[in-house]
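Novice: The following block contains the structure, expressed as structure tokens.
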There are 4 protein chains.
Amino acid sequence: MQDEPIMDVAHLGHLEVLTPKPEESLRFFVDVMGMTESGRHGDSVYLRCWDDYERYSLQLTGSHTSGLGHAALRARSPQALQRRVAALEQSGLGIGWHEGELGHGPAYRFHDPDGHVFEIYYETEWYKAPEDKRPALKNQAQRYPARGVNVRRLDHFNNLAADIKANREFFQKYLGLRLTEQIVLDDGTEAGMWLTATNKSYDFAYTREAHGVKGRFHHITFALDSREAILQAADIFLEHGVFIETGPHKHAVQQTFFLYVYEPGGNRVEVANAGARLVLAPDWKPIRWTEEERKKGQAWGLKTIESFHTHGSPPLPPGFGDEEKVAGQDDLAEKGIAS
Amino acid sequence: MQDEPIMDVAHLGHLEVLTPKPEESLRFFVDVMGMTESGRHGDSVYLRCWDDYERYSLQLTGSHTSGLGHAALRARSPQALQRRVAALEQSGLGIGWHEGELGHGPAYRFHDPDGHVFEIYYETEWYKAPEDKRPALKNQAQRYPARGVNVRRLDHFNNLAADIKANREFFQKYLGLRLTEQIVLDDGTEAGMWLTATNKSYDFAYTREAHGVKGRFHHITFALDSREAILQAADIFLEHGVFIETGPHKHAVQQTFFLYVYEPGGNRVEVANAGARLVLAPDWKPIRWTEEERKKGQAWGLKTIESFHTHGSPPLPPGFGDEEKVAGQDDLAEKGIAS
Amino acid sequence: MQDEPIMDVAHLGHLEVLTPKPEESLRFFVDVMGMTESGRHGDSVYLRCWDDYERYSLQLTGSHTSGLGHAALRARSPQALQRRVAALEQSGLGIGWHEGELGHGPAYRFHDPDGHVFEIYYETEWYKAPEDKRPALKNQAQRYPARGVNVRRLDHFNNLAADIKANREFFQKYLGLRLTEQIVLDDGTEAGMWLTATNKSYDFAYTREAHGVKGRFHHITFALDSREAILQAADIFLEHGVFIETGPHKHAVQQTFFLYVYEPGGNRVEVANAGARLVLAPDWKPIRWTEEERKKGQAWGLKTIESFHTHGSPPLPPGFGDEEKVAGQDDLAEKGIAS
Amino acid sequence: MQDEPIMDVAHLGHLEVLTPKPEESLRFFVDVMGMTESGRHGDSVYLRCWDDYERYSLQLTGSHTSGLGHAALRARSPQALQRRVAALEQSGLGIGWHEGELGHGPAYRFHDPDGHVFEIYYETEWYKAPEDKRPALKNQAQRYPARGVNVRRLDHFNNLAADIKANREFFQKYLGLRLTEQIVLDDGTEAGMWLTATNKSYDFAYTREAHGVKGRFHHITFALDSREAILQAADIFLEHGVFIETGPHKHAVQQTFFLYVYEPGGNRVEVANAGARLVLAPDWKPIRWTEEERKKGQAWGLKTIESFHTHGSPPLPPGFGDEEKVAGQDDLAEKGIAS
């Protein structure tokens, strides 16, 4: 009889995103995305979507550059947190406990094999809406803002990594996350993977970094209620002069309806909708996409654009020809690695 | 430290629905709802939605009357199945193992306190689409039919029961299901409850049966991708002369966008969409609706219609004034018990 | 050979709506409906939707009561204006030229047979968006506001009248408007009519006033882009505590998807969408609805609610039992007169 | 005082489209597009959308090649038809009366300056739905089919022409059509124009043919009710293996939401939705797009794909390098001529 699935991670809790233009990034997330500020501390402003049950889902931190500060996972129970910490301590990638963060209890921090910082915590602060943000229906965290894009909740994120397989195995072994889809090239190496802790078909993804630079971030994604809401978002981005990188269109991988823009700090931001798609099977058989299949582009034939393989945050260090073509990268683009 | 949540039930697998008009009910589910036949055995026709990963989600069984044959839950693992069976055997409501069913392995059958038949199983048959139903994208079970309402997947169901609290406690204790919302009347009795095994905010619901008759069924619900798809469904039901009981509108409870019709056999059928709403919190605090709150009707003010409190399947036995007003029932209607 | 159609009226230009609560009404139209103020004069604030090409489509005027100030039609050409004025002068219902109004040139005012004030004009001021309201696409009048309901343009309005037939004949004969649908009761009297000057299936409607009081207003309607946008509007009205009278649902008459609310001044406001429905036939044969057909309620079975037959603006004078049941009115409700 | 607008053309009536693969094209329009056959004569099958009031809107004719057979406009009245015929006879491009066509009365045929065949007629046959296609609502021509893409009505078409200005002036002068948008290159030549007879912002468009070949056809467009319906269509085309050329996306020109595919005979087919956008102004000021503006691509940044400038029907004659790059054509692509 096979091992039972590890159910210790409940869901993605929040992301800390770095920005070299904190004021402009804040205006983007509040005015254009429709998020609500729910706290400030140090260089960070804490932001939330109207349906996030926790105090915040985005920690926006002023910094000298862009990229991912850290990603936070909420454990299913105090016991689950203890089990994962014990496992992570054996992984050799543990960092240690981190306390005193706004909005949640003690968090155990660790690196993934690519060097991104993660944390896992259990205790959390449920959002209490002030009078002017109290919703009409009591099963909703906050009043629908009716401002800008009105993002509903944090959905997932995407990291870049040099070694996809190593990161996949790390999250499967030490966190119990489940692989739903992946890209495996003709040479047998892995170029992308989608992992989940929930019934969503992914809570985060990793795709191959073309230059071998570690710790880079690809995008953060917020969920909207319908494909029509994403089309409305496209109109709103257009009106605000926000750079639309690609979309709206439908991913072949995971079939999500997507739209990618760049926020003022240079981080890629996605709004997406999965329809009623859920992965309910506890023994889901991962979908493996081949090079040939990925070359077909997105679901309805849109070609994956070049920058999707090259733009990440922070920008590449000097000498790597940031955001420009580098050896090997055309290859990835041609092979359609990105989702 | 509190007990850890039981994660042994993976999801709702299928429902067996009885119909006294098997041919007409089959035409309804295939031609109007857009389901696909995937098996026949005895008096049953097995039907599936295009996104169901298992062979079927609806077993439609010709019978002398309407109602629920049985409801089936899939366990998360073989071990999880064993644990639940052990627990159920102690509940005093176990029936025993049931083998040889089409599409899945051994199932342990049991009653809920109201007498409805349930089963739990682990082994299952994944749907293999024949050539003419093969989808364009390999991460999809079956080609989108583009016929009628095009239901995506089985979403949930609703039973009627005399004692809501007894049933709630049974499913929480023996199956580990989680309560997300409930209705508690001013006299302290419970009138409705919504339970989940997944990140959907409910996999099934129970509402109080007005006449004290046991084992009755309220509705089966299929998920569509958007609220617009439900409006399109309303147009399709109208064109096919299908009786629309109420909707489309938005529930206050659970905020689902809904539409209720009766299939030819007399069972109530719902198509629904929850937007991007998910219950991600592992420690979700159940929402408790009061009589006063429920009297407000649905989210946008639609009054809950009378038949929602009286119509169930099978029809009431003689002497109960089937589908007509009975003592006490007006009360329930007035109190807005139904979601 | 039959007479040629008169094409002299181009479209509905704007409405003047009276409100006894000018500040609250203004906040409703700006904050909730998402309209933009484009002028002030005397007791009036002028408001526009983002896709209105003229300076404004709503003149909101502080007054001792609610109701319609006047309705304005734009003529197709200077010659067309002259022809219509000549005809109106022979109708016996002409009032005379009215000059100096904000946003358009000389207007000829007249009464309909029920006493509502209308005007027809040709010269108009095209909206010039200030820098902060300039749209990204040059074929659009104003930036999409992404605020509240975001109404796109004035669509139509509905007056109440004692004698539907007299009003229908007046607009057909003197203005050349075309009848697309009507309600004719079993006794042969007319109870509702829908007239158009465009390819929209109606630019305004008249339904029978139940008490015989003249000059009353039923509602003003703004167009949104999709049915989903109307469902979003319902959520926004709910969050703002705006009273939703009925809907969202689909009219059987004209098949429009509708949602009715009351603005703070007591006037009924609708947001609606017709899908891609247009009346293109130049010789459209009017649809005649019978009492029996109207008793079926709306398209998907929603019963027309009582207040739809009784609530109008201004409120009924003393003695008429404002907004309450009066003799004869139950009859109209029962016959399902309203759309 | 300026001349009054000519209102003699009521709307686009139907298109005759040629196909070298009549059986496969017919299956495409019936099974995938969801159209209904409403007649056969000679090599033609007549097809209709569920909301077309006339008997048909598409005459699909088996032929040795693809392209436009003829385009038909319905006059507003018998008198209007006489006036237009008188004008066309003076244009030097009249062909003469054509009688005995299925579904409508005498039609006067003429060429546009590029050699495409047009006709104008007044008498027409209103569609009478047989019992099994009778709609639930009497203000609708035919039952909604709930099959495939479910196109609602013929919306517009697009011809290619060598001399855009000559064609524009012809339709403005002899038919009274109104220009709503156009593309004017830096050298002053016109590269695209959008004309309307209705409140739709265009009933047909012309874009420059890159090779100087006359009489070619660019696409036929059907209207759907919402952008979501177009996204659903994309999924259906994907499942049926229909080649998606580009989209879904939003045009900058006219702001229409579009999706282009090729039907089996090689003709380009579009499904589109304009939201609630209408041109109501009788004195609409044409929008003039420059080369620089068109180089920005579509509304949300999608680049206009190469084949949009090169693929037309019928294919180019030998020696013109059909569907391949030819001198001058890269230029047009680069300048983003197409909408």
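Novice: Which condition does D:Arg216 not pass, out of (1) open to solvent by less than 10 Å² (accessible area, probe 1.4 Å); (2) of a type outside the set (Ser, Thr, Tyr); (3) under 28 Å from C:Ala136 (Cα atoms), if it passes all the others?
Specialist: For D:Arg216, the exception is condition (3).
Novice: Six or more apart or on different chains, Cβ atoms under 6 Å: show the pairs whose first residue is in the stretch C:246-261 and small (Gly, Ala, Ser) and whose second is assigned to a strand (DSSP E or B).
Specialist: Listed by first residue and then by second, the contacts come to C:Gly247/C:Phe258; C:Gly247/C:Leu259; C:Gly247/C:Tyr260.
Novice: Turning to a different aspect of this structure: Of the residues that make up the stretch C:66-75, is at least one within 22 Å of C:Tyr108 (Cβ to Cβ), polar (S, T, N, Q) and touching a residue at least 12 places away in the same chain (Cβ under 8 Å)? Walk me through it before giving the result.
Specialist: Keep residues of the stretch C:66-75 that are within 22 Å of C:Tyr108 (Cβ to Cβ), which gives C:67-75.
If we keep only those that are polar (S, T, N, Q) as well, we get none.
For the stretch C:66-75, residues within 22 Å of C:Tyr108 (Cβ to Cβ), polar (S, T, N, Q) and touching a residue at least 12 places away in the same chain (Cβ under 8 Å): absent.
Novice: Within the stretch C:20-48, can you find the residues that are in a strand (DSSP E or B), in contact (Cβ under 8 Å) with a residue 60 or more places away in the chain and over 16 Å from the mean Cα position of the chain (by Cα)?
Specialist: Keep residues of the stretch C:20-48 that are in a strand (DSSP E or B), which gives C:36-41, C:44-48.
From the residues that got through so far, the ones that are in contact (Cβ under 8 Å) with a residue 60 or more places away in the chain too are C:36, C:38-39, C:41, C:48.
Correct list: C:Thr36, C:Ser38, C:Gly39, C:His41.
Novice: Would you check if there is a residue in the stretch C:281-290 being farther than 30 Å from D:Ala80 by Cβ, within 14 Å of chain D (Cβ to nearest Cβ), at pLDDT 95 or above and surrounded by fewer than 20 Cβ atoms within 10 Å (Cβ to Cβ)? Outline the logic, then answer.
Specialist: Residues of the stretch C:281-290 that are farther than 30 Å from D:Ala80 by Cβ, as a first pass: C:289-290.
Now drop any that are not within 14 Å of chain D (Cβ to nearest Cβ), which leaves C:289-290.
This time we only want the ones that are at pLDDT 95 or above, so: C:289-290.
Pick out the ones that are also surrounded by fewer than 20 Cβ atoms within 10 Å (Cβ to Cβ) and you get C:290.
For the stretch C:281-290, residues farther than 30 Å from D:Ala80 by Cβ, within 14 Å of chain D (Cβ to nearest Cβ), at pLDDT 95 or above and surrounded by fewer than 20 Cβ atoms within 10 Å (Cβ to Cβ): present.
Novice: Here is a check on your reading of the model: is D:Arg74 closer than 27 Å to D:Asn199 by Cα, among the charged types (D, E, K, R) and modelled with pLDDT of 95 or more?
Specialist: Values: closer than 27 Å to D:Asn199 by Cα: yes; among the charged types (D, E, K, R): yes; modelled with pLDDT of 95 or more: yes.
Yes.
Novice: Any residue at all in the stretch B:131-144 that is open to solvent by 30 Å² or more (accessible area, probe 1.4 Å), in contact (Cβ under 8 Å) with a residue 60 or more places away in the chain and over 30 Å from D:Asn150 (Cα atoms)?
Specialist: No, there is no match, as no residue in the stretch B:131-144 is open to solvent by 30 Å² or more (accessible area, probe 1.4 Å), in contact (Cβ under 8 Å) with a residue 60 or more places away in the chain and over 30 Å from D:Asn150 (Cα atoms).
Novice: Conditions: (1) open to solvent by less than 10 Å² (accessible area, probe 1.4 Å); (2) β-branched (Val, Ile, Thr); (3) without any contact (Cβ under 8 Å) to a residue 40 or more places away in the chain. C:Ile95 meets all but one. Number of the miss?
Specialist: In the conditions (1) open to solvent by less than 10 Å² (accessible area, probe 1.4 Å); (2) β-branched (Val, Ile, Thr); (3) without any contact (Cβ under 8 Å) to a residue 40 or more places away in the chain, C:Ile95 misses (1) alone.
Novice: Of everything in the stretch C:84-111 that's in contact with a Leu (Cβ under 7 Å, 6 or more places away or on another chain) and not aromatic (Phe, Trp, Tyr), which residue is farthest from C:Asn159 (Cα to Cα)? Quick ask: steps written out before the conclusion?
Specialist: First pass over the stretch C:84-111, keeping only residues in contact with a Leu (Cβ under 7 Å, 6 or more places away or on another chain): C:84, C:94, C:108, C:110-111.
Still in the list and also not aromatic (Phe, Trp, Tyr): C:84, C:94, C:111.
Values: C:Arg84: 21, C:Gly94: 19, C:His111: 13 Å.
Among those that are in contact with a Leu (Cβ under 7 Å, 6 or more places away or on another chain) and not aromatic (Phe, Trp, Tyr), it is C:Arg84.
Novice: What do you reckon, is B:Arg84 touching a residue at least 24 places away in the same chain (Cβ under 8 Å), open to solvent by 40 Å² or more (accessible area, probe 1.4 Å) and farther than 30 Å from A:Gly301 by Cβ?
Specialist: Values: touching a residue at least 24 places away in the same chain (Cβ under 8 Å): yes; open to solvent by 40 Å² or more (accessible area, probe 1.4 Å): no; farther than 30 Å from A:Gly301 by Cβ: yes.
In short, no.
Novice: For the stretch A:210-228, how many residues are at the interface with another protein chain (Cβ under 9 Å from one of its Cβ atoms) and not acidic (Asp, Glu)?
Specialist: Just the residues of the stretch A:210-228 that are at the interface with another protein chain (Cβ under 9 Å from one of its Cβ atoms), to begin with: A:223-228.
This time we only want the ones that are not acidic (Asp, Glu), so: A:223-224, A:226-227.
So the answer is 4.
Novice: Could you tell me whether any residue of the stretch B:53-74 is touching a Phe, Trp or Tyr at 6+ places or on another chain (Cβ under 7 Å), within 14 Å of chain A (Cβ to nearest Cβ), part of a loop (DSSP other than H, G, I, E, B) and open to solvent by 40 Å² or more (accessible area, probe 1.4 Å)?
Specialist: Checking the stretch B:53-74: at least one residue is touching a Phe, Trp or Tyr at 6+ places or on another chain (Cβ under 7 Å), within 14 Å of chain A (Cβ to nearest Cβ), part of a loop (DSSP other than H, G, I, E, B) and open to solvent by 40 Å² or more (accessible area, probe 1.4 Å).
Novice: For the list (1) more than 10 Å from every other protein chain (Cβ to nearest Cβ); (2) at pLDDT 90 or above; (3) surrounded by fewer than 22 Cβ atoms within 10 Å (Cβ to Cβ), I need the number of the one condition that C:Val271 fails.
Specialist: Answer for C:Val271: the failing condition is (3).
Novice: Which of the residues spanning the stretch D:1-52 are closer than 12 Å to D:Tyr127 by Cβ, away from chain C (no Cβ under 14 Å) and aromatic (Phe, Trp, Tyr)?
Specialist: Result: D:Tyr46, single match.
Novice: On to the next question. Look through the stretch B:165-198, keep the residues that are of a type outside the set (Ser, Thr, Tyr), open to solvent by less than 20 Å² (accessible area, probe 1.4 Å) and assigned to a loop (DSSP other than H, G, I, E, B), and return whichever of them is farthest from the other protein chains (Cβ to nearest Cβ).
Specialist: Within the stretch B:165-198, the match that is farthest from the other protein chains (Cβ to nearest Cβ) is B:Leu185.
Novice: Can you pull out the residues in the stretch B:94-128 that are among the small types (Gly, Ala, Ser) and within 14 Å of B:Leu15 (Cα to Cα)?
Specialist: First pass over the stretch B:94-128, keeping only residues among the small types (Gly, Ala, Ser): B:94, B:96, B:100, B:103, B:105, B:107, B:115.
Those that are among the small types (Gly, Ala, Ser) and within 14 Å of B:Leu15 (Cα to Cα): B:Gly103, B:Ala107.
Novice: Checking the conditions here, which among D:Leu238, D:Leu231 is assigned to a helix (DSSP H, G or I) and within 14 Å of chain C (Cβ to nearest Cβ)?
Specialist: On the way: D:Leu238 fails: within 14 Å of chain C (Cβ to nearest Cβ).
None of the other options fit; the residue is D:Leu231.
Novice: Only one of these is touching a strand residue (DSSP E or B) at 6+ places or on another chain (Cβ under 6 Å) and of a type in the set (A, V, I, L, M): D:Ala223, D:Ala229, D:Ala252. Name it. First the steps, then the outcome.
Specialist: Numbers: D:Ala229 fails: touching a strand residue (DSSP E or B) at 6+ places or on another chain (Cβ under 6 Å); D:Ala252 fails: touching a strand residue (DSSP E or B) at 6+ places or on another chain (Cβ under 6 Å).
Just one listed residue meets the conditions, D:Ala223.
Novice: Any residue in the stretch A:304-315 that is within 30 Å of B:Glu228 (Cβ to Cβ), touching a residue at least 40 places away in the same chain (Cβ under 8 Å), of a type outside the set (Val, Ile, Thr) and within 12 Å of another protein chain (Cβ to nearest Cβ)? Write out each step before concluding.
Specialist: Step one: list which residues in the stretch A:304-315 are within 30 Å of B:Glu228 (Cβ to Cβ), which gives A:304-305, A:308.
Still in the running and touching a residue at least 40 places away in the same chain (Cβ under 8 Å): A:304-305, A:308.
This time we only want the ones that are of a type outside the set (Val, Ile, Thr), so: A:308.
This time we only want the ones that are within 12 Å of another protein chain (Cβ to nearest Cβ), so: none.
No, the stretch A:304-315 contains no residue that is within 30 Å of B:Glu228 (Cβ to Cβ), touching a residue at least 40 places away in the same chain (Cβ under 8 Å), of a type outside the set (Val, Ile, Thr) and within 12 Å of another protein chain (Cβ to nearest Cβ).
Novice: Give the stretch D:241-253 a look and list any residue that's assigned to a strand (DSSP E or B) and within 11 Å of chain C (Cβ to nearest Cβ), or say none.
Specialist: Keep residues of the stretch D:241-253 that are assigned to a strand (DSSP E or B), which gives D:244-250.
Selection gives D:Lys250 alone.
The values are calculated or read from the model by the stated rules, or taken from the named source; none is laboratory data. Predicted model only: the values in this text are computed from it and were never measured. FYI the Cβ positions are ideal-geometry reconstructions off the backbone, even for glycines, and counts take in every protein chain you see. Note: areas computed on protein heavy atoms with side chains; ligands, DNA, RNA excluded. Shrake-Rupley method; radii C 1.70, N 1.55, O 1.52, S 1.80 Å.
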